[in-house]
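Working notes, beginning with the structure itself.
The values are calculated or read from the model by the stated rules, or taken from the named source; none is laboratory data. Small disclaimer: the values here were computed from a predicted structure and weren't measured. Don't worry about glycine lacking a Cβ; one is built from the backbone with ideal geometry, like all the others, and counts go over all protein chains shown. Just so you know, the surface numbers come from the protein's heavy atoms only, side chains and all, with ligands and any DNA or RNA stripped out. Shrake-Rupley method; radii C 1.70, N 1.55, O 1.52, S 1.80 Å.
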Amino acid sequence: MPVQPNQGSTGGGDDVTLTGTHFTGTTDVRYGPRRATSFTVLSDTTTATVTPSGNGPVPVSVTTPGGTATVGSFYYLPPPSFRLTPPPAGPLAGGNTVTLTGRGLSTTNEVRFGAQTAAFTADSDGQLTVTAPAAATAGPVAVTVHTPGGTAGGATYTYLDPPSVTAVTLDSGPVNGGNLVVITGTALSYTTDVTFGGTPVTSYRIASDTEIDALVPAGELGTTDLSVTTLGGTTTAADAYTYLGLFAVLAGQSVTNTGPTIVTGDLGVSPGASVGGFPPGQVNGAIHAADTEALEAQADLVATYDQAAALPPDAAISGDLGGQTLTPGVYNATSPIGLTGTLTLDAQGNRNATWTFQIPTTLTTATAGTVLLTNGATARNILWLIGTSATLGSDTALSGRILALTSITLNAGASVSGQTLARDGSVTLDTSTITRPW
């Protein structure tokens with residue numbers, strides 16, 4: 001090729017070598033109408049030149065005492081321009097595909113992400129498909145494209161650390177989903193997918209690099225994993241969320257009621273089938289008498305009870321809990337427990353704080369006994385495991401999920417923010433209020 005290279009920048013300044021004959025005594029070299037910035041005759045057949053500025057294809061001519069002749073053509077290429085087609089970010093390991101769209105890209109000879117050279121394919125003059133190289137540290141890097149027409153930059157690609165999840169608040173909710181949770185962690189800005197037990201969430205919002213707000217999908221009763229996928233990778237938090245049942249009242253043999261009781265949530269009996277007193281009682285949910293749903297709920301009750309009963313205790317309790325303030329933990333008793341006055345449960349600012357009360361025989365509350373929740377404590381995270389029966393005195397206001405092996409009795413006006421679940425016996429209500437807290 002008599003002109004090598006035969007293309008370059010419109011701004012000039014490219015080194016070009018001309019090959020031919022009779023170059024000795026050259027007095028002028030021109031690229032189109034413009035004189036070369038400089039030229040050096042290396043031999044009778046070779047001349048080194050530096051291009052002037054120009055545009056488009058131009059003839060290259062050499063003048064000697066013997067005359068002027070065109071030795072070839074040179075193509076002035078406009079500088080490239082491009083932008084990154086979203087997403088402009090990816091993992092530290094690289095390997096993901098990034099698309100650059102613009103113009104003047106077909107003659108690209110190098111693409112760099114910071115100091116790293118990237119593999120690429122020129123799909124057309126307007127598009128490059130680039131494989132992002134690996135990086136040592138997270139953060140933004142400049143992307144540059146080099147062509148004979150010049151160098152283009154101005155675009156930024158961000159290398160991302162893999163995400164992490166530190167907490168889900170609240171970390172439990174109904175099996176039918178639909179509740180809002182806050183997921184906190186790190187490197188969450190470029191989240192592309194959130195799943196609970198492999199099921200995508202109904203919707204999510206990226207609040208910040210450390211927070212995602214998500215609507216939980218329906219799931220299976222019990223604990224499940226939470227996975228968050230970002231452009232930087234995927235993280236899975238094992239057993240990060242617990243699906244809770246829909247029953248507010250559940251008994252093994254029967255549910256009986258007196259007066260205008262209000263139950264918010266489902267009511268069920270299994271293996272028994274006796275439900276009496278509705279109306280005048282009202283159930284804001286479904287009634288399940290010895291059906292599949294009640295049978296499955298009893299099986300789940302057994303599993304939940306046994307799991308919680310096996311937890312190692314953090315502290316011992318005895319006698320009457322009235323007047324005490326308890327922080328989160330597993331509390332174990334060796335004799336019956338009473339409640340006169342107010343028991344305060346202090347979550348100390350942690351809305352996922354849990355309390356488990358392991359009571360081997362009975363729980364009995366006096367008239368107007370109260371469980372007061374403070375500093376973020378929630379009724380859904382309180383378990384009362386009763387080895388025989390629980391009896392709530394008139395006008396008691398109890399918070400938590402009562403899981404009793406035998407029976408549960410609510411005297412006139414007693415209320416539960418939680419669940420009343422009896423494995424083998426009956427639940428007896430009297431002008432009561434039971435509200436499932438999710």
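Based on the Cα atoms of segment 251-345, what semi-axes does the equivalent ellipsoid have, where each is the square root of 5 times one gyration tensor eigenvalue, given in whole Å with the largest first? Display every interim value, and only then the final one.
On the way: eigenvalues 197, 75, 26 Å².
Sorted largest first and rounded, they come to 31, 19, 11 Å.
Leaving out ligands and nucleic acids, and using a 1.4 Å probe, what accessible area per residue does the chain come to in Å²? Don't skip to the answer; put the middle values down first.
Values: 18230 Å² over 438 residues.
The answer is 42 Å² per residue.
How high is the relative contact order of segment 232-368, given as a whole-number percent (alpha carbon pairs under 8 Å, six or more residues apart)? Display every interim value, and only then the final one.
Working: 248 pairs, mean separation 21.1, N = 137.
Relative contact order comes out at 15 percent.
Please work out which option in [x] 21.4, 64; [y] 24.1, 75; [z] 38.1, 123 gives Rg and Dmax of the Cα atoms in Å calculated from these coordinates, and answer with its label.
Correct label is [z].
Taking the Cα-to-Cβ direction at Asp15 and at Ala69 and moving 7 Å from each Cα, how far apart do the two end points lie in nm?
Inter-label distance under the simple model: 2.6 nm.
Based on the Cβ-Cβ distance from Ala167 to Asn109, what FRET efficiency comes out when R0 is 56 Å, to the nearest 0.05? Provide the component values of the computation, followed by the final result.
On the way: r = 49 Å, r/R0 = 0.88.
Efficiency computed from Cβ-Cβ geometry: 0.70.
Quick one, what does Rg over Rh come out to for segment 289-438 if you take C-alpha atoms and the Kirkwood Rh? Could you put the intermediate results ahead of the total?
Working: Rg = 14.3 Å, Rh = 15.2 Å.
On the Cα set of segment 289-438, Rg over Rh gives 0.94.
Hey, what number do you get for the chain at 222 nm if only DSSP H runs of n ≥ 4 count, each worth -39500 (n - 2.57), divided across all residues, to the nearest 500?
Values: 1 runs with 18 residues, N = 438.
Calculated at 222 nm, the ellipticity per residue is -1500 deg cm²/dmol.
Report the Stokes-Einstein translational diffusion coefficient (µm² s⁻¹, integer) for segment 296-360, Rh taken as the Kirkwood radius over Cα pairs, at 37 °C with viscosity 0.692 mPa s. Can you show the working numbers first?
Working: Rh = 13.1 Å.
So the translational diffusion coefficient is about 251 µm²/s.
With contacts defined as alpha carbon pairs under 8 Å and 6 or more residues apart, what's the relative contact order of the chain in percent? The partial results should precede the final answer.
Values: 1335 pairs, mean separation 38.4, N = 438.
About 9 percent, as a whole number.
For the chain, what % of the accessible area comes from carbon and sulfur atoms, probe 1.4 Å? Intermediate values should be presented prior to the final figure.
Numbers: 9630 of 18230 Å².
Looking at the chain in its full context, I get 53 percent from C and S.
Would you mind calculating the gained length between Asp209 and Ala119 on full extension (0.36 nm times residue separation, minus the Cα-Cα distance), in nm to one decimal? Mind dumping the intermediate values first?
On the way: separation 90, 0.36 × 90 = 32.40 nm, distance 2.99 nm.
Contour length minus Cα-Cα distance gives 29.4 nm.
Quickly rank 81-93, 224-236, 397-409 as a protection proxy: mean count of other C-beta atoms within 10 Å, highest first.
Values: 81-93: 17.1, 224-236: 19.2, 397-409: 23.3.
Most protected by this proxy first, the peptides run 397-409, 224-236, 81-93.
Sequence gap at least 6, Cα distance under 8 Å: using those rules, report the relative contact order of segment 319-416 to the nearest whole percent.
Numbers: 300 pairs, mean separation 23.4, N = 98.
About 24 percent, as a whole number.
Run through every distinct alpha carbon pair of segment 269-311 and return the Kirkwood hydrodynamic radius in angstroms, one decimal place.
Numbers: mean 1/r = 0.0849 Å⁻¹.
Kirkwood hydrodynamic radius for segment 269-311: 11.8 Å.
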